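First comes the structure, then the notes that go with it.
The values are calculated or read from the model by the stated rules, or taken from the named source; none is laboratory data. All figures in this text were calculated on a predicted structure; none of them were measured in a lab. Glycine also receives a Cβ, built like all others from the backbone with ideal geometry; neighbour counts cover every protein chain displayed. Heads up: the accessible areas ignore ligands, DNA and RNA and are worked out on the full protein's heavy atoms, side chains in. Shrake-Rupley method; radii C 1.70, N 1.55, O 1.52, S 1.80 Å.
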Amino acid sequence: MQDEAIETRRQTLLDKGWTSVEVFERGQHFSEWDYEKTGKKDGGRVFVTIRHNGDVTFHEGYVTRREARAMERRTNGENAADAGDKPMKPEITKAMQTYLELHRHTLVRADLLKYPAIAMRLAVAHMIAGSGLWTIRPEPQRAPKPEIAASVQGSVSQQEFDKEREAVLTLLDMNTDRAELVRHNGDCYPAAMLFMKLLTLSDTEVMRVMTFAMAETMQSGSCIVEAVGVHLGTEAKGRWRADGVFLDLIKDKATINAVLESIGGKRVAGTNVTETGKV
């Protein structure tokens with residue numbers, strides 16, 4: 001469906017007079033320094049990039065630097081022979097580039113095996129910023145009703161969590177207004193920059209960051225939450241109490257009567273057994 005939408009937009013741009021609209025392969029980067037901004041009337045083209053996370057960007061009004069130089073020569077009445085211009089060729093082929101990248105990769109990862117502390121920092125950087133191979137999302141905490149969301153956001157535990165997020169963001173020199181620590185955009189550059197920052201932190205500080213990132217990406221309603229809660233001996237006492245939202249969500253009459261008996265005793269429950277759930 002996304003490909004169809006991109007093709008529709010591409011055709012619309014062509015109909016508007018752009019000379020061409022080139023769609024890059026998914027994940028291919030648009031190196032802006034290799035292009036020059038050029039208007040539509042002057043032969044500017046549109047280049048479309050698609051990140052691995054699905055983000056699509058239309059770079060409108062660009063030509064390659066080589067094309068820009070050629071247009072300048074035409075404007076000045078020169079030709080390629082007069083300018084002494086030779087066709088530019090890449091220093092290495094795409095196959096050679098892949099060859100070098102793969103060998104560099106094997107060398108670096110073999111060395112990384114000897115440094116678990118550095119690997120831990122690299123893993124934390126990937127957890128938070130992601131890469132073309134890592135995709136982790138924070139728990140969205142979606143609620144079916146606004147009152148449920150308000151109840152969760154106002155809870156003591158959530159306030160503790162939000163306070164720790166601000167502290168971790170400060171530790172990493174990040175904007176404390178971020179709604180979440182973990183945020184991927186399909187680009188490995190933020191992960192590389194974060195990795196460099198983590199190298200300056202102590203093991204204790206890195207573990208603090210990793211702990212928060214793990215907590216932020218733990219899936220609500222999953223068996224993982226149950227397993228961790230049982231192991232930690234998590235208790236609701238002192239941090240949660242039945243509020244109006246909780247009581248309103250109890251719909252079964254038998255359940256309501258059982259709760260009433262547990263709280264108020266058999267006499268109170270018996271007296272109200274014929275009353276409506278609302279009462």
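Tell me which of these GLY17 doesn't satisfy, since it passes every other one: (1) free of Cβ contacts under 8 Å to residues at least 60 places away in the same chain; (2) open to solvent by 90 Å² or more (accessible area, probe 1.4 Å); (3) outside any helix (DSSP H, G or I).
Against the list (1) free of Cβ contacts under 8 Å to residues at least 60 places away in the same chain; (2) open to solvent by 90 Å² or more (accessible area, probe 1.4 Å); (3) outside any helix (DSSP H, G or I), GLY17 comes up short only on (2).
Could you tell me whether LYS145 is open to solvent by 70 Å² or more (accessible area, probe 1.4 Å) and modelled with pLDDT of 95 or more?
So LYS145 fails the test.
Is the range 184-191 home to any residue that is farther than 29 Å from VAL245 by Cβ and either open to solvent by less than 40 Å² (accessible area, probe 1.4 Å) or over 14 Å from the mean Cα position of the chain (by Cα) (or both)?
Yes, the range 184-191 has at least one match.
Yes or no, residue by residue, for (1) open to solvent by 80 Å² or more (accessible area, probe 1.4 Å); (2) in a helix (DSSP H, G or I):
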| position | (1), (2) |
| --- | --- |
| ILE224 | yes, yes |
| ALA227 | no, yes |
| GLU235 | yes, no |
| GLY238 | no, no |
| ARG241 | yes, no |
| ILE256 | no, yes |
| VAL268 | no, yes |
| VAL273 | no, no |
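Every residue in the range 203-221 that is among the small types (Gly, Ala, Ser), free of Cβ contacts under 8 Å to residues at least 60 places away in the same chain and open to solvent by less than 50 Å² (accessible area, probe 1.4 Å), please.
ALA215
Look through the range 243-253, keep the residues that are open to solvent by 70 Å² or more (accessible area, probe 1.4 Å) and of a type in the set (A, V, I, L, M, F, W, C), and return whichever of them is farthest from PRO146 (Cα to Cα).
The selected residue is LEU247.
What are the pairs, 6+ residues apart or on separate chains, where a residue within the range 102-114 that is assigned to a helix (DSSP H, G or I) has its Cβ under 6 Å from a residue that is small (Gly, Ala, Ser) and surrounded by 10 or more Cβ atoms within 10 Å (Cβ to Cβ)?
Hits for this filter: LEU112/ALA119.
Return the residue satisfying two criteria in turn: it lies in the range 90-105 and is among the hydroxyl-bearing types (Ser, Thr, Tyr) and open to solvent by less than 90 Å² (accessible area, probe 1.4 Å), and of such residues it is nearest to ARG65 (Cα to Cα).
THR93
For the range 38-58, give me the residue count where each residue is within 19 Å of THR8 (Cα to Cα), in contact with a helix residue (DSSP H, G or I) (Cβ under 9 Å, 6 or more places away or on another chain) and surrounded by fewer than 18 Cβ atoms within 10 Å (Cβ to Cβ).
Number of matching residues: 3.
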